[in-house]
Structure formats: structure tokens, C-alpha cells
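**Q** The following block contains the structure, expressed as C-alpha cells.
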């Protein structure tokens with residue numbers, strides 16, 4: 001997969017967005033909420049700046065609005081504005097901040113929805129943001145280095161939520177490859193590992209709270225996918241399929257002829273050859289499951305797997 005939309009060039013931007021929204025409604029809604037919130041804040045920002053005292057980059061009233069929507073590091077402040085645990089993950093002030101966040105959400109959200117559904121995307125995004133806020137608040141109240149700044153520290157932006165989406169799909173499909181400009185093909189697991197390392201190293205920077213919240217979001221994303229995979233196994237999908245494959249293709253006594261409806265009977269040699277070919281296909285599918293999970297299978301592979309699991313040759 002390459003990074004970038006794949007729409008027909010003759011379509012207008014509105015038509016392209018309409019098609020994207022129809023195909024990925026949950027993802028489109030998240031992008032729209034972030035974009036609308038940024039636009040409204042930007043309009044308010046300009047209006048309040050025009051009527052403020054000269055020499056100020058932003059009016060004090062605008063900064064108070066942003067502060068009330070951002071999640072505070074101080075527990076006392078959080079008790080006053082608990083809604084900020086949700087609102088902060090949809091708030092951006094700077095244009096490039098929202099631009100890069102939405103590009104990441106667009107790219108990785110599409111991959112996510114190729115394997116999971118919109119409801120799961122919303123859960124990962126929202127709870128990823130909350131977990132990121134929890135890590136941020138916990139770190140600022142736990143480590144002495146933040147004692148001086150905890151009273152006036154606030155976090156905002158969708159980064160923690162987006163990192164949760166990245167970590168979730170990287171955990172679910174670690175060997176999924178992307179083609180990046182100047183880099184070439186790179187697997188999702190390598191992107192996730194690189195991001196974790198960089199975020200950790202950048203904790204000692206001006207954006208320490210943001211980097212910590214990123215790590216929190218990624219922790220939730222990974223946990224979500226691990227729980228999802230565990231639930232898949234618990235439901236018996238993988239274990240039943242693999243066991244049925246073993247039972248189905250464990251050769252015992254051989255029949256002289258294998259009879260098919262509307263077909264000519266085949267000899268032992270032909271029958272065994274057919275079974276060998278089919279077994280090779282099943283082995284490839286099972287190997288793919290062990291490496292990338294059941295959700296990595298194509299519809300054709302899933303159909304072959306279930307068909308084979310229900311077909312048990314007579315002994």
C-alpha cells in the first residue's frame with residue numbers, strides 16, 4: 001500500500017470526500033469533528049485577537065477557552081473540568097498540528113478499517129485518548145521533574161488517539177507493509193517500534209506531556225488488539241480450524257475410488273495427488289494465520305479454510 005488517496009482524477013474534492021465518507025463513515029466522522037473544531041476555534045481566535053489589546057499573539061479569553069478544553073496535568077484542575085478528558089483529543093490550535101494528525105489518522109485509519117469495523121475504530125480512538133491522558137497525568141504527578149510545571153500544564157490534540165490506532169493495527173497486522181517515499185517498503189511493526197523509541201527519547205523536550213500521552217495511546221492500542229486476538233482464540237475460531245485441518249488431512253485407510261457427483265471416479269494416485277495440492281494450500285493458509293492472524297486472510301482463503309474443515313474424507 002502506498003500513502004495517499006486513490007480517487008479518480010475527474011471527481012471534485014466534494015465528490016471524493018463523499019465517496020470516502022460512504023466507504024469509511026466512522027473514520028470520516030472523526031476527521032470531520034477534528035476539522036470543524038479546529039475551524040471554529042480558528043475563527044474565534046481571529047475575532048478575539050482583533051478586539052484584544054495590541055501586542056498580544058492571542059487574546060487571554062481565547063487562551064482560557066483552549067485551556068478549558070485541554071486536559072490538565074493537575075488533578076485539582078481535572079476535577080473542575082472532567083469533560084476535558086474527551087474534548088482534548090479533538091482540539092488543535094496550529095494548522096500543521098491538525099494537518100499531520102489527520103494525515104496519520106487517514107492513512108492508518110483506512111488500514112485499520114480494512115480488517116476491523118468502524119465501531120472498533122471509535123473505541124480505539126476514544127479509549128486511546130483517555131489512556132494517553134491518564135499516562136500524561138500520572139507522569140506529571142509521579143515524577144519530581146514535573147513539580148514546577150504541573151500547575152500550568154495542559155495537553156491537547158488527537159495524537160494519543162491516533163497512536164492508539166497505529167499501535168492497534170500494527171499489533172494485529174505486524175507484517176503489513178507500506179511503501180514510503182524515499183524509504184521504500186516498511187512493515188507496520190517497525191513503524192510502531194520506531195515511534196515508541198522516538199516518543200520515549202523526546203520525553204526530555206518541550207513537549208514532554210505530548211510524548212508521554214503518545215506512549216499511553218500506543219499502549220492501549222496494543223492491548224486492544226491483543227485482547228481482540230485472545231477473544232478470537234477463545235471463541236475457538238483458530239483452534240477449531242487448525243484442529244479440524246489436522247483431523248481432515250490425517251490420512252488413514254485409503255479408498256480405492258473417490259466418487260464425486262457428476263464426475264468420473266479417480267484412482268488412488270490421482271486422489272492422493274489432489275489431496276497433496278489441497279494440503280499445500282491449507283499449509284500456506286495456516287502459516288499465514290500463525291504469522292499475521294486469522295484476519296489477514298482473504299475472503300477466498302477463508303472460504304477454502306472453512307470448506308476444507310467441513311469436508312472429512314471417508315476411511
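Read the figures in this text as sums done on the coordinates, not as results from a lab. Here the structure is a predicted model, which is why all the values come from computation and not from measurement. Every residue, glycine among them, receives a Cβ derived from its backbone with ideal geometry; neighbour counts consider all protein chains shown.
**Q** Could you give the distance between the Cα centres of the stretch 71-135 and the stretch 183-214, to the whole Å?
**A** Measuring centre to centre over Cα atoms gives 16 Å.
**Q** Right, here's the next one. Taking the Cβ of each residue in 90, 96, 200, 134 as the centre, tally the other Cβ atoms inside 10 Å and list the residues starting with the fewest. Intermediate results must be reported in sequence, preceding the final value.
**A** Details: 90 21, 96 8, 200 13, 134 17.
The fewest-first ordering by Cβ neighbours comes to 96, 200, 134, 90.
**Q** How high is the relative contact order of the stretch 13-232? Use alpha-carbon pairs under 8 Å, at least six apart in sequence, and give a whole percent. Could you put the intermediate results ahead of the total?
**A** Details: 312 pairs, mean separation 48.7, N = 220.
This gives 22 percent for the stretch 13-232.
**Q** Expressed in nm to one decimal, what extension gain is obtained for the pair residue 201 and residue 279 from 0.36 nm per residue of sequence separation less their Cα-Cα distance?
**A** Gain in length upon complete extension: 23.3 nm.
**Q** For Cα pairs less than 8 Å apart in space and 6+ apart in sequence, what is the mean separation divided by the residue count of the stretch 36-162, i.e. the relative contact order in percent? Show your work: numbers first, answer last.
**A** On the way: 133 pairs, mean separation 44.8, N = 127.
Value for the stretch 36-162: 35 percent.
**Q** Points 7 angstrom from Cα along the Cβ direction at residue 147 and residue 47: gap in nanometres?
**A** Those two pseudo-labels are separated by 4.4 nm.
**Q** Same structure, new question: According to a simple spin-label model (label point 7 Å from Cα along Cα-to-Cβ), what is the distance in nm between residue 15 and residue 29?
**A** The answer from the label model is 2.7 nm.
**Q** Can you tell me how much longer the chain between residue 63 and residue 300 gets when fully stretched, taken as 0.36 nm per residue apart minus their C-alpha distance, in nm with one decimal?
**A** Details: separation 237, 0.36 × 237 = 85.32 nm, distance 5.49 nm.
Here the segment from residue 63 to residue 300 would lengthen by 79.8 nm.
**Q** Largest first and in whole Å, what are the equivalent-ellipsoid semi-axes of the stretch 13-232 based on the Cα gyration tensor, each being the root of 5 times an eigenvalue?
**A** Details: eigenvalues 175, 101, 50 Å².
They are 30, 22, 16 Å, listed from largest to smallest.
**Q** Return 173, 163 ranked ascending by Cβ neighbour count within 10 Å, so the fewest neighbours appear first. Display every interim value, and only then the final one.
**A** Values: 173 21, 163 29.
Listed from fewest to most nearby Cβ atoms, that is 173, 163.
**Q** What order do you get for 131, 12 when you list them from fewest to most C-beta neighbours inside 10 Å?
**A** Working: 131 24, 12 8.
Listed from fewest to most nearby Cβ atoms, that is 12, 131.
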